[in-house]
Amino acid sequence: MSKIKIFSAVCLIAFSFCNAQKNAIVAHRGAWKKNNLPENSIASLRHAIDLKLPGSEFDVWRTADDSLVINHDAHYNKLLIEETNYADLIKFKLSNGEKLPTLHEYISEGMRNNKQTLLVCEIKPSEISKERGQKTAVAAVETIKKLKANKNTCYISFDYDILKKIREIDSKTSLQYLEGNKSPKEVKADKINGVDYHYSVFQKHPEWIQEAKDNKIILNAWTVNDVKDMDWIIAHKFNYITTNEPELLKERKEVKN
């Protein structure tokens, strides 16, 4: 089979879930804000699943002793995650009493009683080296495959090389790029399935919206929290909308429909 045919098949697999999705809600770092839960916690993930949201996003780092953990910032409790051992990180609890979750724990919870919520896994670029970021990505993919969650997970990153590394080791998984500096045609050429850009990027380049649709590239926008921005994205029929306000976005969708 030619490389073009192989990628076409990958796009069909990855896009099949998204094709039926219009303005599907992705909870940014889980559904945390309304109930004052910690971001990226097991509790915020479970709430997103209980709300039956189409997606829930989370962030992955690798510790000094190679544990994969879920946290948005490079630092946790003023400790640089990449230079700290896991045992030292979990001395400090999240605000609801949870410990800092590992990727294994997070994905295990994400697979429990979940029939509709896509796990949107952001691999954070390493602050130490490009190579380290790519090794973290490989380790994350391996963990998710061991948990048989690969069909329930897609990967996003600001580091384009991280996504290309994941594509090297997995020809089928869905990838979305975050940085906002490449057109849909450019990401398609590198076998990346989606553009997940800040909504302002699409407002600056509205031609990319139709270009993505024409090329069967997934459209996602972050982080859409204001009503006027929600309404603009809804009107343009994106596949996904990533937000800190999933309950509000659900209300806006109902009004617009």
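May I ask what percent, to the nearest 5, of DSSP beta bridges between residues of the chain are antiparallel?
Counting only bridges with both partners in the chain, antiparallel ones make up about 15 percent.
Using the Cβ atoms and a cut-off under 13 Å, what net charge is assigned to the surroundings of ASP65, where Lys and Arg are +1 and Asp and Glu are -1?
-3
Stokes-Einstein diffusion coefficient for the stretch 199-257 at 10 °C in a medium of 1.306 mPa s, Rh from the Kirkwood formula over Cα pairs: what value in µm²/s?
D, rounded to a whole number, is 137 µm²/s.
So how far apart, in nm, are the two label points at ASP226 and SER183 if each is 7 Å from Cα heading toward Cβ?
Each label point is offset 7 Å from its Cα along the Cβ direction, giving 2.9 nm.
Mind listing the Cα extents of the stretch 17-87 along all three principal axes, in Å, largest one first?
Over the stretch 17-87, Cα extents along the principal axes are 42, 28, 15 Å.
Arrange the peptides 153-163, 113-123 so that the one whose residues have, on average, the most other Cβ atoms within 10 Å appears first.
Ranking the peptides 153-163, 113-123 by packing returns 153-163, 113-123.
Which length gain, in nm to one decimal place, applies between LYS145 and LYS34 when the Cα-Cα distance is subtracted from 0.36 nm times their residue separation?
36.7 nm
Per residue Cα convex hull volume for the stretch 94-215, in cubic angstrom?
Cα-based convex hull of the stretch 94-215, divided per residue, equals 143 Å³.
For the stretch 31-119, compute the number of Lys pairs whose alpha carbons are separated by less than 30 Å, excluding pairs fewer than 8 positions apart on the same chain.
Number of lysine pairs found: 21.
Convex hull over the Cα atoms of the chain, averaged projected area in nm²?
13.3
For q values of 0.14, 0.17, 0.22, 0.23 Å⁻¹, compute log₁₀ I(q)/I(0) with the Debye formula on a Cα-only model of the stretch 29-128, without solvent.
Log10 I(q)/I(0), no solvent term: -0.49, -0.71, -1.12, -1.20.
Explain nothing, just the number: relative contact order of the stretch 3-256, from Cα pairs under 8 Å at least 6 residues apart, as a whole percent.
Relative contact order of the stretch 3-256: 20 percent.
Taken together, the values in this text are just the output of simple stated rules run on the coordinates, not laboratory data. All values derive from a computational prediction rather than experimental measurement. Here Cβ is always computed from backbone atoms with ideal geometry, including for glycine, and neighbour counts include all displayed protein chains.
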